[in-house]
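To keep things clear, I will list the structure first and then write my remarks on it.
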Amino acid sequence: MASDSKFAVLIDADNVSDKYIKVILDEISNDGIATYKRIYGDWTKPSLSSWKSVLLDHSIIPIQQYSYTSGKNATDSALIIDAMDILYSGKVDGFCIVSSDSDFTRLAARLRESGMLVVGMGERKTPKAFIAACNRFKYLDILGTSDQQSQKNAAEPGRGARGPAEKAAGKLSEEKPEEKQMTSLPTIKAAIRTIVTENSDEDGWMFIGTIGNLLCKRYPDFDVRNFCFNKLTPFIESLDMFDIKSVRTQDSSAKLIYVRLK
């Protein structure tokens, strides 16, 4: 998507912590501009009071939705209705739905059917159905930790690079069962092997950027930051599966990275 693409950022306050707001807005800024910034919840509840200063600081519009009946989530309905109104207005190019709730699965699918780019954000407990319904999905608990670590590393210049993918995958085994939803490293490695085998040229080489794009299409939650890397190339190198070569472009201002199975 172009950098000036317009997004509607719709947040389910019942299922997202205010501590993630910077991560949410930073992530969507990589795709475009947050034209709509709305958050839904029953603001009479004390549990949502921590959002007040956050909303003011980031100019997010709170949408009040009373819980008319016990056990029924009126917030979901309000968010879905607003999303469809925004869709039919024709003023956005994509949606960012922030929730760990599977109730938005059909909404994400419907928005994609209308040609919208749908970016989902939530914690690792998010059901697979909602993740699969999005074009891309970002794990807020992982990105929040990554952001904190980056700030810590910046404050301590002597620190080394981040750990390998296998180390991150090992940490996942220590998480709670409901937080093991993220696509595993062995699954990603198998997918990369298949992608390169099926799409490489006659000499077996394939442009590394194409690998990243195809991985995101197959696994919406794929992100190298899930495995403690900031760039795709170091992540691919850590897998020890490929020969790697760099080719300078004609103007010699940049290098293109290609990989081939060993």
Only listed residue being free of Cβ contacts under 8 Å to residues at least 24 places away in the same chain, part of a loop (DSSP other than H, G, I, E, B) and either of a type outside the set (A, V, I, L, M) or farther than 28 Å from Glu123 by Cα (or both), chosen from Glu198, Glu202: Glu202
Answer with yes or no whether Arg106 is of a type outside the set (S, T, N, Q), under 17 Å from Phe130 (Cβ atoms), open to solvent by 40 Å² or more (accessible area, probe 1.4 Å) and at pLDDT 90 or above. yes
Pick from Ser59, Ser29, Ser53, Ser47: which is open to solvent by 60 Å² or more (accessible area, probe 1.4 Å) and on the phi > 0 side of the Ramachandran plot? Ser59
Which numbered condition in (1) buried (at least 19 other Cβ atoms within 10 Å of the Cβ); (2) in contact with a strand residue (DSSP E or B) (Cβ under 8 Å, 6 or more places away or on another chain) is the only one that Trp205 fails? (1)
Subset of region 1-26 (residues that are charged (D, E, K, R) and open to solvent by 30 Å² or more (accessible area, probe 1.4 Å)): Asp4, Lys6, Asp14, Asp18, Lys19, Lys22, Asp26
State all residues of region 208-245 that are in contact (Cβ under 8 Å) with a residue 60 or more places away in the chain, open to solvent by 20 Å² or more (accessible area, probe 1.4 Å) and hydrophobic (A, V, I, L, M, F, W, C); if no residue qualifies, say none. Cys216, Cys228, Phe229
Residues being at pLDDT 95 or above and open to solvent by 10 Å² or more (accessible area, probe 1.4 Å): count how many of those fall in region 93-103. 1
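The values are calculated or read from the model by the stated rules, or taken from the named source; none is laboratory data. The structure displayed is predicted, hence computed values, not measured ones. Positions of Cβ are generated from backbone atoms using ideal geometry, with glycine treated the same way; all protein chains shown enter the neighbour counts. With ligands, DNA and RNA removed, areas are computed over all heavy atoms of the protein, side chains included. Shrake-Rupley method; radii C 1.70, N 1.55, O 1.52, S 1.80 Å.
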